[in-house]
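A.B. asks: Next up is a structure, given as structure tokens.
The values are calculated or read from the model by the stated rules, or taken from the named source; none is laboratory data. Because the structure is a prediction, the values reported are computed rather than measured. Reconstructed Cβ throughout: ideal geometry from the backbone, glycine too, with neighbour counts over all protein chains shown. These accessible areas exclude ligands, DNA and RNA; they are computed on the full protein's heavy atoms, side chains included. Shrake-Rupley method; radii C 1.70, N 1.55, O 1.52, S 1.80 Å.
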Amino acid sequence: MAFSYCKVFGKDKVIFATKEDHSTPSTVELPAPEPPQGLITKDGSINWSCPCLGGMATGPCGVDFREAFSCFHYSEADPKGSDCYEAFRKMQDCFQQYPTVYNKANGGDDDEDALGDVMNSDTSSSVKEVDELSGGAGAAAAAAADTHITNTNAMSKVE
């Protein structure tokens with residue numbers, strides 16, 4: 001009759017199991033998987049690592065994006081976000097410095113940029129989609145997108 005045993009090799013622990021060890025079903029019960037967090041966590045804070053942001057929070061304008069989005073999310077002004085104009089203006093200025101990253105109509109072909117998709121699609125449907133993800137923050141993203149598209153169009157007419 002064989003016995004199972006363990007050997008330790010530095011930081012590693014190797015367990016040798018016998019056929020008898022594997023003949024009975026496991027009694028280990030795994031915990032139920034937690035539902036994935038969305039853009040807004042249960043406590044009301046912003047989940048900056050949400051894939052729905054498409055890397056916007058960590059891109060070249062990540063700091064400006066986080067400031068503008070945070071301002072809108074926590075805004076108590078009426079209408080919501082009306083006190084965030086300067087933060088969105090700063091974010092838009094940054095976007096204009098990186099047209100290949102943030103303006104898919106005139107540059108890169110990366111399909112994984114979520115805000116780029118919002119900026120280059122129909123604004124009304126985008127607001128609804130982003131609102132669902134962010135609990136109402138889509139209006140600010142759409143306003144920023146609309147400003148960005150208007151500024152881009154104005155720049156292309158000047159050139």
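A.B. asks: Once amide H atoms are built 1.01 Å from N in the peptide plane, which residues 5 or more positions from Ile40, or in another chain, come under 5 Å H to H?
C.D. replies: It is Asn47, by chain and number.
A.B. asks: Got a sec to turn the phi values of the range 67-76 into Karplus ³J(HN,Hα) couplings, 6.51 cos²θ - 1.76 cosθ + 1.60 with θ = phi - 60°, whole Hz, x for Gly and Pro?
C.D. replies: Couplings: 5, 5, 5, 4, 4, 5, 4, 8, 5, 10 Hz.
A.B. asks: At 1.4 Å probe size, with no ligands or nucleic acids counted, give the accessible surface of Arg66 in Å², nearest ten.
C.D. replies: Counting only protein heavy atoms, the figure is 80 Å².
A.B. asks: Could I ask something else about it? What is the spin-label model distance, in nm, from Gln96 to Lys13 if the labels are put 7 Å beyond Cα along the C-beta direction?
C.D. replies: In this crude label model, Gln96 to Lys13 measures out at 6.1 nm.
A.B. asks: From the phi of every residue in the range 42-50, what ³J(HN,Hα) in whole Hz does the Karplus formula 6.51 cos²θ - 1.76 cosθ + 1.60 yield, where θ is phi - 60° and glycine or proline is x?
C.D. replies: 4, 7, x, 7, 8, 8, 5, 8, 5
A.B. asks: Also, quick follow-up: How large is the dipole of the range 5-88 about the Cα centre if only Lys and Arg carry +1 and Asp and Glu carry -1, each at its Cβ, rounded to the nearest 20 debye?
C.D. replies: The calculation lands at about 580 debye.
A.B. asks: Report, to two decimal places, the Cα Rg of the range 23-75 normalised by 2.2 N^0.38 Å (N = number of residues).
C.D. replies: Its radius of gyration relative to the 2.2 N^0.38 Å reference: 1.79.
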